[in-house]
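Data first, discussion second: the structure below is written as C-alpha cells.
The values are calculated or read from the model by the stated rules, or taken from the named source; none is laboratory data. Only a predicted model underlies this, so the values are computations on that prediction, with no experimental measurement involved. For neighbour counting, all protein chains shown are included, and Cβ atoms are generated from backbone atoms with ideal geometry for every residue, glycine included. Each accessible area value is taken on the protein alone, full model and side chains, heavy atoms only, with ligands, DNA and RNA left out. Shrake-Rupley method; radii C 1.70, N 1.55, O 1.52, S 1.80 Å.
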Amino acid sequence: MPVSGLVLTLSANGGTAAEAISALKARPEIECEAPRGNKLPVAVDTLDRTKDQALWRWINELPGVDFIDVVFISFPEDEDSPEVAEAC
Amino acid sequence: MKRRDFLKRSAMAAAVAAAGPLPGQTTVPEYTESAEGDTGLEWEKAPCRFCGTGCHVMVGRENGKVRAIAGDRKADVNKGLLCVKGYHVGMILYGQDRLRYPMLRKNGEMTRISWDEAIDVIADRVEADPAAFAIYGSGQWTIPEGYVAQKFMKGGLANNHIDPNARLCMASAVTGFISTYGVDEPAGCYQDLDECDVLIMWGNNPAEMHPVLFSRVVDRRSRGEEILMIDIGTRRTRTTDHCQHYLEFKPHTDLAIANGIAHLLIKNGTWDKKFVENHCNFRADTEKPTLLGREITFEEYKKLVEPYTPEYVEKISGVPAEKIRLLGDLFGQRDIRICSLWCMGMNQHTRGTAINNLVHGVHLLSGHFGRPGDAPTSLTGQPSACGTVREVGTLAHALPGGRVVANAEHRAETEKLWNLPEGRVNAKPGYHTVLMWEKFCTPTEEGGDIGTIWVQVTNPGQTLPNRHKLFEAKRDLKDKFLIVSEVYPTASTELADLVLPAALWVEKNGVYGNSERRTQQWFKMVEPPGEARDDCWQTLAVARRLYERGFEAMKGRDGRFIFDIRNEDGSEIPYWKWEHYYDTNVDKALFEEYRQFTRLKHKDLAPYDEYVRAHGLRWPVVQQQDGTWRETKFRFSEFDDPYVTKGAEFEFYHSVTKDGRALIWFRPYEEPPESPDDEFPMWLSTGRVLEHWHTGTMTMRVPQLRRAMPGAYVEMNPKDAARQGIVNGERILVETRRGSMELPVWVEGRGHPPEGTVFIPFFDETLLVNDLTLEAYDPFSKQPDFKKCAVRVRRIPNEPYQEKGLAPVNANAPG
Ligand code: SF4
C-alpha cells in the first residue's frame, strides 16, 4: 500500500496543464497542492501495488504533464506478501 | 493521526518542498526533520544504490527495516528528486530469494557450509597457486571494498589479475581523459547542465539512464530558458523526444562527425586561437597506434582533418551535410556554452578511446572548455565507477590515486604507503576483463593460467560479451574454481563453485564516488539477512586466514598483518571475526589509509568525518587556512581550482607533454570490426532501460519495476518487420555468428531503431543477449563493443502471436 510524493512538471501550454490538474484532482487517490510555477506537488495513496503502478503510468501519459519526479515513497509493511514472492 | 496519514503528510511535504515556493513566497517550507519525525521513522542519508548520477536519498527505517525513501533535498545532485529506480531502492533489500548462507558445490550439489569453511576454501585456492588467482570486481564496490581487494591482490599476492566490470562500461572514457589531459575524470560537474546553452548527447540516452540529471535540463526549459538539445544517435530514444535536432548516424561513424566539426572550425576560422595557442598541443596516431601517439603541428592537424568535409562526413555517417554544418557553426560561436554528454555509446566501441579523444578535441579546439556550461562530460553507469575503479585504481594496470604498476616510482610509493617489502608490487599489468575470462575458460594445459576467479558485486555471467566463450566454457573445466559473492541468485552464481551471501547497500557502511568526482559516505542502517556479510569483511577474513597460516604475502615489512587496524592503546582490533567487525569503523580506517594516495594526481580527499557531515564533496577537496575543507567544481580553471597557477587562466597540470597543455588528437574514422553483410544483414545494438539497473539482479526483485518492464524484447523498425511479415509481440529468432535466441518483437516501442537495426536490452537473465555480442575491444581501453555487431532476424515457423515477455505497451489505463 504505497504512499508517494511526486512533483509533476506541467506543460508550458496553460490550457492542457489546467486540464491535467483537473483530471488529477478528480482521482480520489491523488491529493494536489497549489502549483508552484510549472511544478505541481502531489501525494498519491493507493490501495495496492498494482494500482500504484497503473496510476503512475496514467499520470505519465496524461497530456499536460511533461515529467514526473518522485520525491518520497513508503513501502508496505507486508514485504513477505505473495506479490513480492512472485517477483523472485 | 494514523501512521498512514503521517506518511501521506510527509509525502506531500516532500513534494511541496521540492516543487519550490508559491508565487510571491520567497522561501520554501521546510519539510524534512519535522515531517519525517512525524512518521515515527528514523531517517539517515545514503547515496542511491544504482546509477552514476549519485542522487542522495533519505532512508526511513523502523524496527530494523527500511520502510520509506525520500529524495534528499539537501543534496546538491538531486535536490530532493529521484527517478523511478531510486524511489524503489529500499525494496531491493527484501526480495524473497536473498542469498543467506555460504554454499559450496559438493559432488555437483550446492551445499550449505559455514563461513569458517568458506574462508578456508578460498585460502586453500590462494595458497595452492597465488599467481593463478584473480578477482573480478565492480564499479558498485564501495571505495573501501575496492581498496581492500586491490591491496590484497597487488600488495599482498604481488598479483595484478584484478579487474572490474567497469572495464565493460567506462574504460574508454578513462583512456580518453588520460591521453587528452594526462589525468582521468571530467573537469566540470553537473552545474554544466544548469548553465549550458547547447546540450549535445553523443550516443547517450540520459532521459532513461540518468533521469534525474536529465530532469535538471528539462526543468530549465519548462521554466522558460532556451536550451538547444541535440541527440546524435543510432536509434531514437526518450531523449530524442526532448531534442530539437536528431542526427542519426550509421553505427561507428561518430568519429567522422567529430572530425567534420574540427574540419569546419578550421575552415571557417572559428577555432579558438588564443585558447589553443596557450593551452593545447596536437597529436596523431603513430604507425602502430599507441595511447600517446606522436606530436604534430597545427598545420599537420589541419591537413589530417581536411578530407572531413560535411559532404564526406555525410557519405560515411549518413548525417546530412547541413547538420554537420549546424554542429560546426555552434562550436564556432564563442558567446554560447556547449556541454557534451556521453556514456556507453562512445565507450563501448572498438574506437572508444579515439572518439573520446575527438569529442574532447572539438571542445578544446573551439575553446568550449572550463567555463560553467562549457564542458565535455562523460557519465558513468555505476554508482562508484569513478570512486572505486578510476580513483582506487582497481584495474589490472593501475595502483591507487592514478598510479600504474608499470611505473617504478609509483610502485615504490605504493609499497611505502602499504608498508610492504620493497619490490613486492609486480610491474607487469594483470589480465584485463576479456583476457582474464578467456584464460579462465581455457584449459590449464592449453595456457589457461587463471585457475580461480573471485567475483564480487557484479554478474559477469550476464554481462560478458560472447558469453559462451568467456563464461559458459568454464562448465567443462573441472580444475577451474569460481567464487561469487552476491545478494541474489544470478547467472554467475548458477555456475559458481562457492557462493558467498553479501550484505547490500545500507546493510553495510560505504563510500561511493559518482560521475562528477563527488565522494559520498553512508552508515550501515539495517542488518543483512541470514549470514550475509560485507564484501569488505569477506576479503579481509581471507587475508587474515592466510596471515594466520603464516603466508608471507599477507605480512608487511615489519611482519605485521597488511591490514593491521589498531585501537588507540595500540592493541590489535580483531575485526576479521565477524562479531567484532563493527567494533570499529573499518571503512574509516581504510579510507584514511587510502586518502594518502590521492594527493599525487591532485585528487585530494578530505578526512572521512568530513564526508559524514557533507552530502558528498567533489575532489580535489583542499583544506583552507581556517581549517575548513573546500571542494572543487571546475578543475583546471583558475577561478575555481586551487592547483592552477595564478594568472594561467587554465592549466592542465598533469599534462602528457608536461607543459600544462591538453592534447587535441586527430584519430581517423575506421571501419568497424564486424558490419552487416549478406549473411547477417542488420546491426544489433544492446543497452539498458529506465526501470532496470544493468542485469536486473536488484530491480527485477522490485515488483513495480519488474511489472513495468518484465522481460527483454527486440526493438524493430516497422518497415523491417513488415518486410518479413513480423507482427508486434511475435517471437522471432535473432542470430549472430556467436549464437542465437528467441525474443518477442516490439515495433514502435519505447525506442525506435532505424531500418536495418535492432536493439535488445541486456537486463533479462532469461534472455541473455550477450550470447550474441562480439568480444572485439578497443586496443587501448580493452573495452568490448556491445553496441554493434552483425545480426539476422527470422520468423519462427508456426510461431503464434504471443505477448509473453513483451513489455507492457498498452498498460496506460489506471487500474
Ligand atoms: S538517477 Fe540514478 S542515482 Fe538518481 S535516483 Fe535514479 S537510479 Fe538513483
Fill in the blank from the handout: Rounded to two decimals, the Debye log10 I(q)/I(0) of region B:323-383 (Cα scatterers, no solvent) at q = 0.16, 0.25, 0.29 Å⁻¹ is -0.54, -1.08, -1.22
Exercise for the section: Round to a whole angstrom and tell me the spacing of the C-alpha centers of region B:402-478 and region B:172-237. Expected result: 33
Exercise for the section: Provide the gained length on full extension for the span B:Met110 to B:Asp449, in nm with one decimal, where the gain is 0.36 nm per separating residue minus the Cα-Cα distance. Expected result: 119.5 nm
Handout entry: Loop trypsin sites (Lys or Arg not before Pro), region B:577-655 (other Cβ atoms within 10 Å of the site Cβ: 11 or fewer; DSSP)
Key = B:Lys646
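As a test of the definition: with a 1.4 Å probe, what buried accessible area, both sides summed, do you compute for B against A, in Å² to the nearest 100? List each step's numbers first, then the result.
Details: alone 29480 and 5790 Å², together 30490 Å².
Approximately 4800 Å², summed over both chains.
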Problem - For region B:270-294 and region B:578-617, distance of Cα centres in Å - result: 38
Problem - Selection from B:His654, B:Trp115, B:Val769 lying farthest towards where the dipole of the protein assembly as shown points positive, charges on Cβ - result: B:His654
Fill in the blank from the handout: Percent antiparallel among DSSP beta bridges confined to the protein assembly as shown, nearest 5, equals 60
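For a quick check of your reading of the filter: which trypsin sites (Lys or Arg not before Pro) in region B:75-117 sit in a DSSP loop and have no more than 14 other Cβ atoms within 10 Å? Could the numbers behind the result be given before it?
Working: sites: B:Lys79, B:Lys85, B:Arg98, B:Arg100, B:Arg105, B:Lys106, B:Arg112; in loops: B:Lys79, B:Arg98, B:Arg100.
Passing sites in region B:75-117 are B:Arg100.
With +1 on the Cβ of every Lys and Arg and -1 on the Cβ of every Asp and Glu, and nothing else charged, how large is the dipole of region B:587-720 about its Cα centre, in debye rounded to the nearest 20?
Details: 19 positive and 23 negative charges, 133 e Å.
Charge dipole, region B:587-720, about its Cα centre: 640 debye, nearest 20.
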Completion exercise
The farthest towards the positive end of the charge dipole of region B:38-94, of the residues B:Val66, B:Val89, B:Gly40, given +1 on Cβ of Lys and Arg and -1 on Cβ of Asp and Glu, is B:Val89
Fill in the blank from the handout: As straight-line cross-link partners of B:Lys788, the qualifying lysines (C-alpha separation under 22 Å, not fewer than 8 residues apart within one chain) are B:Lys250, B:Lys315, B:Lys469, B:Lys719
Problem - For chain B: relative contact order, % (alpha-carbon pairs under 8 angstrom, 6 or more apart) - result: 17
Exercise for the section: State to the nearest 20 debye the size of the charge dipole of the protein assembly as shown about its Cα centre, where the only charges are +1 on K and R beta carbons and -1 on D and E beta carbons. Expected result: 600
Fill in the blank from the handout: When the charge dipole of region B:623-762 is computed with +1 at the Cβ of Lys and Arg and -1 at the Cβ of Asp and Glu, the Cα pointing farthest to the positive end, of B:Tyr669, B:Trp629, B:Tyr643, is that of B:Trp629
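Beta carbons within 10 angstrom, averaged per residue: use that to sort the peptides B:294-301, B:275-282, highest first. Can you show the working numbers first?
Values: B:294-301: 14.5, B:275-282: 19.8.
Order by mean packing, descending: B:275-282, B:294-301.
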Completion exercise
Shielding of A:54-63 by other chains, given as the mean Cβ count within 10 Å, works out to 3
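Please give the length that would be gained between B:Ala408 and B:Glu295 if that part of the chain were fully extended, namely 0.36 nm times their separation in residues minus their C-alpha to C-alpha distance (nm, one decimal).
Details: separation 113, 0.36 × 113 = 40.68 nm, distance 2.52 nm.
Stretched out fully, the B:Ala408 to B:Glu295 stretch lengthens by 38.2 nm.
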Practice task
Show the residues, 5+ positions off or on another chain, whose built amide H is closer than 5 Å to the amide H of B:Gln382.
Solution key: B:Gly52
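With a probe of 1.4 Å, find how much accessible area chain B has per residue, and write the answer as a whole number in Å².
In whole numbers, chain B has 33 Å² accessible per residue.
Set the bar at 22 Å for Cα to Cα. Now go through B:Lys601/B:Lys787; B:Lys45/B:Lys85; B:Lys151/B:Lys416; B:Lys154/B:Lys478 and name every pair that lies beyond it.
Details: B:Lys601/B:Lys787 32 Å; B:Lys45/B:Lys85 17 Å; B:Lys151/B:Lys416 13 Å; B:Lys154/B:Lys478 27 Å.
Pairs exceeding the cut-off: B:Lys601/B:Lys787; B:Lys154/B:Lys478.
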Exercise for the section: For chain B, with all protein chains present and a 1.4 Å probe, just round the carbon and sulfur fraction of the accessible area to a whole percent. Expected result: 49
Exercise for the section: Taking the Cα centre of chain B as origin, work out the dipole magnitude from +1 charges on Lys and Arg Cβ and -1 charges on Asp and Glu Cβ, in debye rounded to 20. Expected result: 760
Problem - Of all DSSP beta bridges in chain B, antiparallel share, percent nearest 5 - result: 50
Exercise for the section: Could you grab the relative contact order for region B:519-676? Cα pairs under 8 Å, six or more apart, rounded to a whole percent. Expected result: 13
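Among the GluC sites (Glu not before Pro) within region B:599-696, which fall in a DSSP loop and have no more than 15 other Cβ atoms within 10 Å of their own Cβ? Don't skip to the end; give the middle numbers.
Details: sites: B:Glu610, B:Glu631, B:Glu638, B:Glu649, B:Glu651, B:Glu670, B:Glu674, B:Glu679, B:Glu691; in loops: B:Glu631, B:Glu638, B:Glu649, B:Glu651, B:Glu670, B:Glu674, B:Glu679, B:Glu691.
Passing both the DSSP loop test and the Cβ count: B:Glu670, B:Glu679.
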Completion exercise
Reduced to Cα centres, the span from region B:37-82 to region B:622-678 in Å works out to 33
Problem - Computed [θ] at 222 nm, helices only, for chain B once each DSSP H run of length n ≥ 4 contributes -39500 (n - 2.57) - result: -7500 deg cm²/dmol
Exercise for the section: Order these peptides, B:522-531, B:620-629, by their mean beta-carbon neighbour count within 10 angstrom, highest first. Expected result: B:522-531, B:620-629
